[in-house]
Amino acid sequence: MKQIGFARLTLPVVLSSALCLATSAQAAPLQVTADDEDVKLVLSSHLDLARALAQAEPPDALERERLCQLTPAQARQLMQTEGFYAPESIGLDCAAGRLTVKSGRIARLRQVELLADGVDEATLKLWERWLHETTLRTGRAFVRERWTDGKQELLTRVRAHGYPLARWGATEARVQAQDAQVDVSLRLESGPQVRFGPVRVQGLRHHDEARVLAIANLPEEAAGVPVSEAQLVAAQQRLLKSQLFDGALVELDLEQLEGDRAPVVLRLTEAPLQQLGLGLGWSNQVGPRATLEHQHRRFMGRPLRSTLRLALAGERQSLEAELSTHPSRQLRRNLAAARWEREQGEDAPYEQASLRLGQVSETREHDRAYYLEALRSRQGLGQSRASAEALLLHWQPTWRALDSVLLPTEGQLLSLQLAAGGARSRLGEQAREQGGLARVQARWQRWWPLDDGPQLSLRLEAGQVFAPSTLDVPESLRWRPGGDESVRGYRARELGPSSNGQEVGGRVLWTASLEAAWPLER
C-alpha cells in the first residue's frame, strides 16, 4: 500500500516537471543570426515572433505557428528600414526558434532631386547645397531613419532662414531593389519669404521700451530684412544676459502676417526691481563665512544697476560697490566700482582699496573691458610694513568659440589681461620708491570631447609683472596660484613666494594642466 501510495504521489510531480521543461524550452528567445548588426538588432527587437517568445508566458503551438508564417514577410519589411531591399536569404527554423538572414547589398542614393516653386535659382542652389550636407546626399546608404532626419534637417534650416511657412509637398523615393539604388525626388513648398515686421513688447513694468528694443537689437521693419531664427535667438540671449529679466521669449506672430511682414513679439518677465541675498557657508581655507548682497536694477529711477556686496569670512572681510548703466545696443555698459578688502593675519595683515572707472562689453563670442584703476595696499607690521599705490589703465579682451559658456565640452577660449601705468611704494621707514609698472597675463584653454562621454581639456597660463625690483607691487597685481582652476592639489591662492619672512604673491606666473573628465552615471 505504501508503494502504491508513493506512486500516486510522485506521478503528478513527474508530469509537472516534464511540462515545466517543455514550457521553458518554448519560452527561449528567438535566436537571430545576421551579417549586419543593425539588422540583427531590428529583427530581435521588432519581429512579432521575437517579442512573443520573450514574454513570460510563451504562445501556444497554434499561435506560434501563425507567427512563424508571418515572420519572413515581416523580416523583409524591417530590413528595408535599414536599407536592405533584396535580401539574399531568410531562413526560419520555427521549432528551434532560430532565424538566419543574409542581408545582401545595402541600397544607396543614386540621384537626389530638389524642387521648389516661387524661389530664384540662387536660393534653390543654396538649398541644394544644404540638402547635400544632410543624410540625403548621393552615395549614402538609404536608411529609413536618415530619410526622415534629412528631410527634417533641411526643412528646419529653410524655416530658420526667412521661410517659416515652408513645408514638404510630394516626396518620393524610387527603389531599384536588384541594383540596390534609390532615386529621390523632393518638392518643397516654401511659401513667401517673411521679413521682420513691427516689434511688440509685452511684460514691461519698470524698464523703458526703447532701452529694451536697443538691447534686443532686432532689424527695423523699414529695413525689410528676411526673418532669421539666429537673430531671434540672439535677441533672446541678449535680453537674458542683461540680467534685467528672469524670462525672455522672442518669437514671430505668423497669425498676424501682413503681406510678407510678420510682427515679432517679446514676451518678458522682469527680474525683481530690488533683490537681497544672504549666504552662509564654510570652507577649509577661511572657515565660516557670510555674504550679503543687494541689487537694484533701476537705481534712483534711472537705467542704472547698482550692486553692493559684503563678505565676512574669519580673518577676511571685503566690501564692494558697483554702479553700471543698462546695456546699449552694442551690449556695452559704463561702470564705476569701488572695492575694499582686509585680511587680519598675525604674521602679515593685509588691506587694499581700489576704484575703477570704465566700460564693459559682453557677448557670447567675446568680452571686452577697458577701465582706469587706482589701487592702494598695505601689508605687514613694524619695520617690514609695506605700502603701495598704483594708477593703471586696463584692457581685458576674451575670445570664445565654445558649445556652452557655462559647461563647455568642445571649443577653445583665449583671454588676455593687459595693464600699464605708474606706481610708488614704501617699506617701513625707507624712502619711497616709484616707477613704471606693466602687467601681462594670458590664458588659453581647449576642450575636446572623446568617445563614450569623457572629455579632454588643456590649459596654458602665463603672466608677468614688469616693474623695478625695488618697487613694491600691490598684492592684487601679483599671482598666487592654487585650486581647481589653477594647480590642483593646493588650496586656492596657496602657492607664492615670501619676502622679508612674509608670504606675498609672485611677479611671474606659468601654469599648465591636461585633464580628462568622465561624466557620472545618473
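The values are calculated or read from the model by the stated rules, or taken from the named source; none is laboratory data. Since the model is a prediction, treat every value here as computed from it, not as a measurement. Glycine also receives a Cβ, built like all others from the backbone with ideal geometry; neighbour counts cover every protein chain displayed. Please note that ligands, DNA and RNA were not included when accessible areas were found on the heavy atoms of the full protein model with its side chains. Shrake-Rupley method; radii C 1.70, N 1.55, O 1.52, S 1.80 Å.
Side notes on the structure shown:
- Cα long-axis angle, helix 37-46 against the chain (0 to 90 degrees, to the nearest 10): 70 degrees
- Difference of contour (0.36 nm per residue) and Cα-Cα distance, GLU229 to GLN111: 39.4 nm
- Once you reduce segment 192-232 and segment 266-305 to the center of their Cα atoms, the two points are 30 Å from each other.
- The alpha carbons of segment 215-283 stretch over 61, 20, 17 Å along the principal axes, in descending order.
- Compactness of the chain, expressed as Rg and Dmax over alpha-carbon positions, Å: 35.5, 123
- Sparsely packed loop sites in segment 332-379 (the GluC sites (Glu not before Pro) outside DSSP H, G, I, E and B with at most 11 other Cβ atoms within 10 Å) comprise GLU346, GLU365.
- If the segment from ARG51 to LYS125 were pulled out straight at 0.36 nm per residue, it would be longer than the present Cα-Cα gap by 22.0 nm.
- The angle between the Cα long axis of helix 229-241 and the main principal axis of the chain comes to about 40°, on a 0 to 90 degree scale.
- For segment 45-196, dividing the convex hull volume of the Cα atoms by the residue count gives 134 Å³ per residue.
- Measuring r between the beta carbons of GLU63 and ARG174 and using R0 = 45 Å, the FRET efficiency lands at 0.75.
- Under 13 Å from the TRP518 label point (7 Å along Cα→beta-carbon), backbone N, segment 447-462: 451-455
- When each of the peptides 409-419, 73-83 is scored by how many other beta carbons lie within 10 Å of its residues on average, the order from highest to lowest is 73-83, 409-419.
- Approximate spin-label separation ARG144-GLN317, in nm, with each point projected 7 Å along Cα-to-Cβ: 7.2 nm
- Highest mean packing comes first when the peptides 470-476, 306-312 are listed by Cβ atoms within 10 Å, giving 470-476, 306-312.
- Percent carbon-and-sulfur accessible area, the chain, ignoring ligands, DNA and RNA, probe 1.4 Å: 52 percent
- For segment 357-468, the convex hull drawn through the C-alpha positions has a volume of 124 cubic angstrom per residue.
- Taking other residues whose beta carbon is less than 14 angstrom from the beta carbon of VAL250, and scoring Lys, Arg as +1 and Asp, Glu as -1, yields +1.
- Taking the inverse of the mean 1/r over every pair of distinct Cα atoms in segment 114-268 gives a Kirkwood hydrodynamic radius of 17.7 Å.
- Spin-label model distance (nm) - TRP282 vs GLU255, 7 Å beyond Cα toward Cβ: 5.6 nm
- 11 Å cut-off, amide nitrogen to a point 7 angstrom out along GLN31 Cα→Cβ, residues in segment 99-143: 99-100
- Calculated from backbone phi, Karplus (6.51, -1.76, 1.60) coupling profile of segment 360-375 in Hz, x at Gly/Pro: 10, 10, 10, 10, 5, 7, 7, 10, 9, 9, 10, 7, 9, 10, 10, 10
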